[in-house]
Amino acid sequence: MARAYLGLGSNQGDRVALVNAALERLQASGRVRVIKRSSFYETAPVGVTDQPRFVNLVAEVHTDLDPQDLLELALAVERTLGRVRTERWGPRTVDIDILLYDGVQVDTPTLVIPHPEMTRRRFVLEPLLEIAPDAALPDGRRLAAFLPEVRSQDVQKVAGG
Ligand code: GSY
């Protein structure tokens with residue numbers, strides 16, 4: 001059984017309900033077990049900044065799927081929750097990114113693990129470090145070391161979330 005960390009986000013509709021539904025559908029597949037989930041974080045958009053604010057969280061999952069099949073499942077769940085991939089960095093009902101998968105590196109045209117942007121995104125690092133303070137990249141670099149560089153990004157833990 002592999003351990004993976006997934007980043008989930010939404011900035012359309014009932015954002016919290018959509019992220020919860022995505023986790024439920026991943027688990028309902030029978031191939032993914034959600035072990036831990038971070039708090040919800042309300043976050044300013046990164047990349048295309050002229051779009052609604054996001055809610056984000058990170059979940060630790062156990063899975064018997066290999067990385068490519070986990071990606072296929074994530075994309076299928078996104079589609080069932082109404083995501084249509086039009087604008088690359090634009091608004092989305094729900095987005096599921098594979099951040100880390102055991103200690104492995106994947107570099108294919110459709111999938112790169114560790115997620116190539118994760119060290120530059122406070123909306124990923126903050127929730128990830130909440131549930132996995134010692135998390136590290138496959139080369140051993142601790143993710144906590146990247147947090148000071150992204151502190152200026154607007155990320156706020158949602159009370160009770
Ligand atoms: O890759 C995730 C989608 N995304 C997000 C996001 O989830 N949260 C925030 N705050 N900004 C984002 N920009 C993109 S693209």
* Asked: Yes or no: Gln68 at pLDDT 95 or above and either open to solvent by 70 Å² or more (accessible area, probe 1.4 Å) or of a type in the set (A, V, I, L, M) (or both)?
  -> no
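Restricting to the stretch 58-76, what's the tally of residues that are in contact with a Leu (Cβ under 9 Å, 6 or more places away or on another chain) and under 14 Å from Thr110 (Cβ atoms)? Lay out the reasoning, then the answer.
Here is the first cut: in the stretch 58-76, the residues in contact with a Leu (Cβ under 9 Å, 6 or more places away or on another chain) are 58-61, 63, 65, 67-68, 70-74.
With the extra rule that they be under 14 Å from Thr110 (Cβ atoms), the set shrinks to 67-68, 70-74.
Number satisfying all stated conditions: 7.
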* Structure fact -> Taking first residues from the stretch 100-115 that are free of Cβ contacts under 8 Å to residues at least 40 places away in the same chain and second residues anywhere that are part of a loop (DSSP other than H, G, I, E, B) and open to solvent by 30 Å² or more (accessible area, probe 1.4 Å), the pairs with Cβ under 6 Å that are 6 or more apart or on different chains are Gly103/Pro138; Gln105/Pro138
* Which one is surrounded by the most Cβ atoms within 10 Å (Cβ to Cβ) among residues in the stretch 121-153 that are touching a helix residue (DSSP H, G or I) at 6+ places or on another chain (Cβ under 7 Å) and β-branched (Val, Ile, Thr)? -> Val124
* Would you check which residues across the stretch 56-84 are over 15 Å from the mean Cα position of the chain (by Cα) and of a type in the set (Val, Ile, Thr) and list them? => Thr63, Thr80, Val84
* Note down all Cβ pairs under 8 Å where the first residue falls in the stretch 12-26 and is at negative phi, the second is assigned to a helix (DSSP H, G or I), and they're at least six residues apart or on different chains. => Gln12/Leu18; Ala22/Val77; Ala22/Glu78; Arg25/Val77; Arg25/Thr80; Leu26/Leu73; Leu26/Ala74; Leu26/Val77
* Asked: Of the residues that make up the stretch 113-136, is at least one aromatic (Phe, Trp, Tyr), in a helix (DSSP H, G or I) and closer than 18 Å to Phe54 by Cα?
  -> yes
* Evaluation of Arg79 against (1) modelled with pLDDT under 95; (2) under 24 Å from Val104 (Cβ atoms); (3) more than 15 Å from the ligand (Cβ to nearest atom) (one fails), failing number -> (2)
* Please verify whether the stretch 110-120 includes one or more residues that are exposed (fewer than 15 other Cβ atoms within 10 Å of the Cβ), within 16 Å of the ligand (Cβ to nearest atom), hydrophobic (A, V, I, L, M, F, W, C) and at pLDDT 95 or above. => yes
* Tell me, which strands (runs of 3 or more DSSP E) lie completely within the stretch 1-74 with 1 or more residues that are under 19 Å from Ile113 (Cα atoms) and more than 10 Å from the ligand (Cβ to nearest atom)? -> 2-10, 32-37, 54-63
* To do: Specify the residue that is nearest to Thr49 (Cα to Cα); the eligible residues are those in the stretch 137-161 that are within 16 Å of the ligand (Cβ to nearest atom) and in a strand (DSSP E or B).
  => Val155
* Asked: Does any residue of the stretch 118-136 turn out to be within 26 Å of Glu72 (Cβ to Cβ), β-branched (Val, Ile, Thr) and free of Cβ contacts under 8 Å to residues at least 40 places away in the same chain?
  -> yes
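The values are calculated or read from the model by the stated rules, or taken from the named source; none is laboratory data. Just so it is clear, the model here is predicted, and its values are computed rather than measured. With ideal geometry, Cβ positions are generated from the backbone for all residues, glycine too; neighbour counts draw on all protein chains shown. Side chains are part of the model used for accessible areas, which takes the heavy atoms of the whole protein and leaves out ligands, DNA and RNA. Shrake-Rupley method; radii C 1.70, N 1.55, O 1.52, S 1.80 Å.
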